[in-house]
Amino acid sequence: MNNLKAGTLLQNGKYKIVRFINSGGFGCTYEGVHTMLETKVAIKEFFVKDFCNRDEATSHITIGTESKRALVAKLRKKFVEEAKILFKELHHPGIVRVTDIFEENGTAYYVMDYIEGRSLNDIVKTQGKLSESDALRYIRQAGDALAYVHSKNMLHLDIKPGNIMIDKISDKAVLIDFGTSKQYDEEDGENTSTLMCKTPGFAPPEQMGNDVVKFTPATDIYSLGATLYKLLTGITPPSATQLISGDELEPMPKAVSENTRKAVEQAMQLNKNKRPQTVAEFLDILQQVGN
């Protein structure tokens, strides 16, 4: 097993691991507890599963292949830099809050608020497709948070149902997992970068081709439109590569309004210049629909 065991202490006992939640190519996420405050937290650990090994006795991480040492060090540095950006720059009720960053066990961690609730992906998986009014309410909330991200010259780059949590107390959408986000400088040049995320069905063609070198909100808008499609149909859209090759989206339910259909179709245009260029433009198409 490559993940930390339940009961593992970090930062001299400040945090304790409660359980492993999930992992991706570049990190593991855990439920933890701040032991002094007795509050739940989420902890993201930098761990490149293809290149890293963990000593089960000490939890210390080593690089399996010497030739990958420089690459892993570079990625870890970016992980820390981007966590600092999230801590300093992103303060919005619809965005998970980063509260701490530290290095330990030969790797890096950042700590976030723990969201009590389920992701939209889990909700669709257990309950099936959502009503149009519920889907639009969550998409508007996620869109408001995403517009704030864009106002900071940042792209999220992994918008999908699994990265939108619904707080069970407030019933509000919260964006999570900024591990693939990028920030751009005033000249539209990229100044932070991770390896590009390519979630099939939600990543537009320019992400599939690693061609997001300028600040282009339309990239995230494709993913937001694809997420709305999944909520309304219960179906993951074909990948951008499949769509380019001639596959088509399954029709949305007949009860879905014309405005919503139009919003999804425009957001998921394969040509990024034909999509809405801001979240506000995308949401404007929906303004006459739902509550």
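The values are calculated or read from the model by the stated rules, or taken from the named source; none is laboratory data. All values reported here derive from a predicted model rather than from experimental measurement. Glycine also receives a Cβ, built like all others from the backbone with ideal geometry; neighbour counts cover every protein chain displayed. The area values use the complete protein model at the heavy-atom level, side chains included, leaving out ligands, DNA and RNA. Shrake-Rupley method; radii C 1.70, N 1.55, O 1.52, S 1.80 Å.
Remarks
- Sequence-distant residues sharing a close amide H with Val41 (under 5 Å, placed H): Gly32, Val33, His34
- Where Rh is the Kirkwood radius over Cα pairs, Rg/Rh for region 52-110: 1.08
- Estimated vicinal HN-Hα couplings, Hz - region 86-96 in sequence order (Karplus 6.51, -1.76, 1.60; Gly, Pro = x): 4, 5, 8, 9, 9, 10, 8, x, x, 10, 4
- Here the Karplus curve 6.51 cos²θ - 1.76 cosθ + 1.60, taken at θ = phi - 60°, turns the phi angles of region 28-44 into couplings of 10, 10, 10, 8, x, 9, 7, 5, 6, 7, 6, 10, 5, 9, 9, 10, 9 Hz, with x standing for Gly and Pro.
- Region 119-169: relative contact order as a whole-number percent, Cα under 8 Å and 6+ apart: 69 percent
- Region 166-172 - phi-based ³J(HN,Hα) in whole Hz, Karplus 6.51/-1.76/1.60, Gly and Pro as x: 10, 5, 6, 7, 8, 6, 10
- Evaluated with a Cβ-only charge set (Lys, Arg +1; Asp, Glu -1), region 11-54 carries a dipole of roughly 60 debye about its Cα centre, given to the nearest 20.
- Note on Gln11/Arg118: beta-carbon distance plugged into 1/(1 + (r/R0)^6) with R0 of 41 Å gives a FRET efficiency of 0.90.
- The Cβ shell under 11 Å around Ala147 holds other residues with a net charge of -1, Lys and Arg each +1, Asp and Glu each -1.
- Per the Debye formula on identical point scatterers at the alpha carbon atoms of region 208-291, with no solvent, log10 I(q)/I(0) at q = 0.12, 0.21 Å⁻¹ is -0.34, -1.03.
- Whole-percent carbon and sulfur share, accessible surface of region 1-92, 1.4 Å: 52 percent
- Per-q log10 I(q)/I(0), the chain, q = 0.10, 0.11, 0.15, 0.16 Å⁻¹ (Debye; single scatterer per alpha-carbon; no solvent): -0.55, -0.66, -1.18, -1.31
- For region 26-184, the fraction of C-alpha pairs farther apart than 19 angstrom is 59 percent.
- Computed over region 15-86, the alpha-carbon pair-distance distribution with 10 angstrom bins reads 19, 43, 32, 6, 0, each value a whole percent.
- Alpha-carbon centroids, region 6-78 and region 228-252: separation in whole Å: 35 Å
- Accessible surface, the chain, averaged per residue in Å² (probe 1.4 Å): 48 Å²
- Nonlocal amide H pairs with Glu104, under 5 Å, H built at 1.01 Å: Tyr109
- Loop-located trypsin sites (Lys or Arg not before Pro) in region 30-85 (DSSP state other than H, G, I, E, B) with a sparse environment of at most 16 neighbouring Cβ atoms within 10 Å: Lys49.
- Over region 92-170, the fraction of Cα-Cα pairs per 10 Å bin, rounded to whole percents and listed from the shortest bin up, is 15, 43, 30, 10, 2.
- Local electrostatic count, Leu249, Cβ distance below 12 Å [Lys/Arg +1, Asp/Glu -1]: -2
- R0 of 25 Å, Cβ-Cβ distance Asn271-Asp247: FRET efficiency to nearest 0.05: 0.90
- Largest to smallest accessible area among Thr233, Thr241, Thr35 [probe 1.4 Å]: Thr241, Thr35, Thr233
- Seen from Lys129, the other residues with C-beta closer than 12 Å to its C-beta sum to a net charge of -1, counting Lys and Arg as +1 and Asp and Glu as -1.
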